[in-house]
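Where a number appears in this text, it was derived from the coordinates with a stated rule and is not lab data. The structure displayed is predicted, hence computed values, not measured ones. We place every Cβ from the backbone using ideal geometry, glycine too, and count neighbours over all the protein chains shown.
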Amino acid sequence: MPVKKPASLITRAETKAVRKKRADGEAALRPRDPLRVKPPARLIGHPVASALWRRMIAMYNSLGAEIVTRLDQDMLVDYCLLDEQSGEMDRLRAVAMKNYERAQRTLDRKAEKGEVDLKLLIKWQDSVNWSLGEVVKLDARVDRKRALLHILRQSLYLTPRSRAGVAPPEKPPEEPKSEMAKIIDGQLPGKQSKKPKKADR
């Protein structure tokens, strides 16, 4: 049985009663407060995750369909943190790979010149193997992080398969507000009337 999708992503023909029942069910689980662009407290001190949060919320807000709500906040925070950690592990792997290559070059150079005895050669070989083991461990951890990221992407409707080929339309651009509307909304300071100058005596 296919996974149920939000009503806004369903394109098949449905009766009015079915559509109303689905819409009512979704409305009952829709929090009043929307997700805010400002990153939540858990993302304080995580600049990469915070930037991703802002980008994701802006993207969701640009859609005509409501894909995520306040109920999905923790999952979206986890997604942002996992993405940041994945980048950190990529950098750690790059350092581990450089250490491995350096140790291997040193071992090869000393073995060719015959500068080391057998015990030292074994010690260098152990160093090379340890460095390679660190790379392999990081590869395994990155693979697990990326697999979890993929699962979260599916839950957040960020993959083509999870959307099943349905791309919700973007919201139409808002018409620019008049000067009066901006003043009422507090976006512009009101024009202050000038005091009449006192007549010279």
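Quick one: go through segment 132-163 and flag any residue whose amide nitrogen is under 17 Å from the point 7 Å out along the Cα-to-Cβ line of Lys110.
132
Please sort 39-52, 100-113 by packing, taking for each peptide the average over its residues of neighbouring beta carbons within 10 angstrom, highest first. All intermediate terms of the calculation are to be shown ahead of the outcome.
Values: 39-52: 15.4, 100-113: 13.6.
Answer by packing, highest mean first, reads 39-52, 100-113.
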